[in-house]
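Student: Here you go, one structure.
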Amino acid sequence: MPTTTKTTEPTVRVRLVCEALPADLFEGFDGRRHIQVDLQIKDGFQAGLPAGNGALAWATEITVKPSLDGAPDFAGPAVHGKRGERFFYLSWSSERAGQCERFRRLKVHLRDLKAAQIAKAVKTDATLVARVHAVAKDGGPACASVPLLGGGWQAGETR
């Protein structure tokens, strides 16, 4: 009788950090009040936690899936996009004219995450960290695809 072995796909912890948030958190930008930024997950939004002076951070996990072309693919509660273009959304919301609304989203791409970084994080149980700047060129909340700070994805703390 043949035996089957179940292979488990590696899971890696991820920390997203949004830095240089203004002290007033963009209050008044485009007539908006009570502006906040959250990590968009499949079934809603996750609030960030303070991460030092003027920064918020979010923790999530990604599952690294094999693909036919050998490039890593990703899944997880906060992963969006199609194969080869996966990313995280940091989503801005506010109140304007008495209405609560989401008005900008910032993309943190996974495409620049290297196989060697993933393998090392799996082996050492490290967290992969991506840092982004909170402010866009127009002085409002950053949006669209943004470059990562500090040279890209970095290995963070281990458990």
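Student: Among the numbered criteria (1) without any contact (Cβ under 8 Å) to a residue 60 or more places away in the chain; (2) in contact with a helix residue (DSSP H, G or I) (Cβ under 8 Å, 6 or more places away or on another chain); (3) among the β-branched types (Val, Ile, Thr), which one does Ile35 miss?
Tutor: With (1) without any contact (Cβ under 8 Å) to a residue 60 or more places away in the chain; (2) in contact with a helix residue (DSSP H, G or I) (Cβ under 8 Å, 6 or more places away or on another chain); (3) among the β-branched types (Val, Ile, Thr) applied to Ile35, the lone miss is (1).
Student: Take Arg105 and decide whether it is under 28 Å from Gly151 (Cβ atoms) and free of Cβ contacts under 8 Å to residues at least 40 places away in the same chain.
Tutor: When the stated conditions are applied, Arg105 does not pass them.
Residue by residue, here is whether (1) in contact (Cβ under 8 Å) with a residue 40 or more places away in the chain; (2) among the β-branched types (Val, Ile, Thr); (3) more than 22 Å from Phe26 (Cβ to Cβ); (4) exposed (fewer than 14 other Cβ atoms within 10 Å of the Cβ) holds:
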residue: Arg83; (1), (2), (3), (4): no, no, yes, yes
residue: Ser94; (1), (2), (3), (4): yes, no, no, no
residue: Asp138; (1), (2), (3), (4): no, no, no, yes
residue: Glu157; (1), (2), (3), (4): no, no, yes, yes
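Student: Follow-up question, since we're still on this one. How many of the residues making up the range 121-130 are out of contact with any Ser or Thr (no Cβ under 9 Å at 6 or more places or on another chain), in a helix (DSSP H, G or I) and surrounded by 14 or more Cβ atoms within 10 Å (Cβ to Cβ)?
Tutor: Step one: filter the range 121-130 for residues out of contact with any Ser or Thr (no Cβ under 9 Å at 6 or more places or on another chain), giving 123, 128-130.
Now narrow it down to the ones that are in a helix (DSSP H, G or I): 123.
From what's left, surrounded by 14 or more Cβ atoms within 10 Å (Cβ to Cβ): none.
Qualifying residue count, the range 121-130: 0.
Student: While we're on this one: Can you name the residue in the range 73-98 that is of a type in the set (A, V, I, L, M) and over 14 Å from Ser145 (Cβ atoms) and is also farthest from the chain's Cα centre (by Cα) among such residues?
Tutor: So the residue we want is Ala97.
Student: Among residues belonging to the range 99-142 that are more than 19 Å from the chain's Cα centre (by Cα) and of a type in the set (S, T, N, Q), point out the one that is modelled with the lowest pLDDT.
Tutor: Gln99
Student: Scan the range 131-159 for residues that are on the phi > 0 side of the Ramachandran plot and part of a loop (DSSP other than H, G, I, E, B) and report the count.
Tutor: 4
Student: Further, regarding this structure: Please find, among Ala78, Ala119, the residue that is among the small types (Gly, Ala, Ser) and over 16 Å from Leu16 (Cα atoms).
Tutor: After ruling out the rest, the residue left standing is Ala119.
Student: Of the residues that make up the range 57-78, is at least one more than 16 Å from Lys107 (Cα to Cα), acidic (Asp, Glu) and surrounded by 16 or more Cβ atoms within 10 Å (Cβ to Cβ)?
Tutor: Within the range 57-78, one or more residues are more than 16 Å from Lys107 (Cα to Cα), acidic (Asp, Glu) and surrounded by 16 or more Cβ atoms within 10 Å (Cβ to Cβ).
Student: Shifting gears a bit: Condition first: modelled with pLDDT of 95 or more and of a type in the set (A, V, I, L, M). Now tell me which residues in the range 15-49 satisfy that.
Tutor: Those that are modelled with pLDDT of 95 or more and of a type in the set (A, V, I, L, M): Leu16, Val17, Ala20, Leu21, Ile35, Val37, Leu39, Ile41, Ala47, Leu49.
The values are calculated or read from the model by the stated rules, or taken from the named source; none is laboratory data. Treat the numbers as computed from the prediction; the structure is a model and nothing was measured. Reconstructed Cβ throughout: ideal geometry from the backbone, glycine too, with neighbour counts over all protein chains shown.
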